[in-house]
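Participant: Sharing a structure, written as structure tokens. Questions coming.
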Amino acid sequence: MQIGELARRFNVAPSKIRFLEDEGLVRPVRRTQAGYREYDESSADALAMILQAQSLGFTLEEIKGGLAETRIHGLRHDYLIGRIELKLNELDRHIAQVNELRARLVCASNEFKTRMKNGATCDTRPPALLTTRTDKPRPAPRAHRRSQKAGRA
């Protein structure tokens, strides 16, 4: 089958298949005399596996590593399970971080709502900027001082 048929079969653009070919992940079995790429079922199987892995959040580099491992040692289920477990752990860490951020945002929202109910105005500057206020004049920026020195010379 040619690239257009393979692309339609998996509902992807032919350019994606060419990109995956450039990355060494999908290979046509041959080229016609006119230069068209021809793919067989093994190419379609490889493309299906790559698309599934991408849909599960695996990067192209991770997929390349998995394919290299498979080429060297054959399809090892323990290796694949290990990679999936690593991805699950990564996802669990991300979920925990997002849940923590959500809880902090809910807390901040509730705090602001309470302040606003009591008639307070809300200063949205970060706390560090609120505590470093001073009435002392600040020194001129370095670039400005240099230009003053240059004017004196």
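Participant: Residues in region 40-73 that are of a type in the set (S, T, Y) and farther than 17 Å from L91 by Cβ: how many?
Facilitator: Total meeting the criteria: 3.
Participant: Taking region 7-24 on its own, how many of its residues are outside any helix (DSSP H, G or I), at pLDDT below 95 and either more than 21 Å from the chain's Cα centre (by Cα) or not acidic (D, E) (or both)?
Facilitator: The total comes to 1.
Participant: Further question on the same structure: Give the residue, chosen from A13, A7, that is crowded, with 16+ Cβ neighbours inside 10 Å and free of Cβ contacts under 8 Å to residues at least 12 places away in the same chain.
Facilitator: Within the list A13, A7, the selection yields A7.
Participant: Of the numbered conditions (1) open to solvent by less than 70 Å² (accessible area, probe 1.4 Å); (2) touching a strand residue (DSSP E or B) at 6+ places or on another chain (Cβ under 7 Å), R30 satisfies every one except a single condition; which is it?
Facilitator: Of everything listed in (1) open to solvent by less than 70 Å² (accessible area, probe 1.4 Å); (2) touching a strand residue (DSSP E or B) at 6+ places or on another chain (Cβ under 7 Å), R30 misses just condition (1).
Participant: Among residues belonging to region 38-63 that are charged (D, E, K, R) and within 17 Å of the chain's Cα centre (by Cα), point out the one that is surrounded by the fewest Cβ atoms within 10 Å (Cβ to Cβ).
Facilitator: The residue in question is E61.
Participant: How many of the residues making up region 64-79 are within 16 Å of L25 (Cβ to Cβ) and open to solvent by less than 70 Å² (accessible area, probe 1.4 Å)?
Facilitator: Qualifying residue count for the region: 7.
Participant: I need a count of the residues in region 2-30 that are farther than 21 Å from L60 by Cα and in contact with an Asp or Glu (Cβ under 7 Å, 6 or more places away or on another chain).
Facilitator: 3
Participant: Still on this structure: Any idea how many residues of region 85-136 are at pLDDT below 85 and among the basic types (K, R)?
Facilitator: So the answer is 5.
The values are calculated or read from the model by the stated rules, or taken from the named source; none is laboratory data. Being a predicted model, the structure only gives us computed values, none of them experimental. Using ideal geometry, Cβ is built from the backbone for each residue, glycine included, and neighbour counts are taken over all protein chains shown. Note: areas computed on protein heavy atoms with side chains; ligands, DNA, RNA excluded. Shrake-Rupley method; radii C 1.70, N 1.55, O 1.52, S 1.80 Å.
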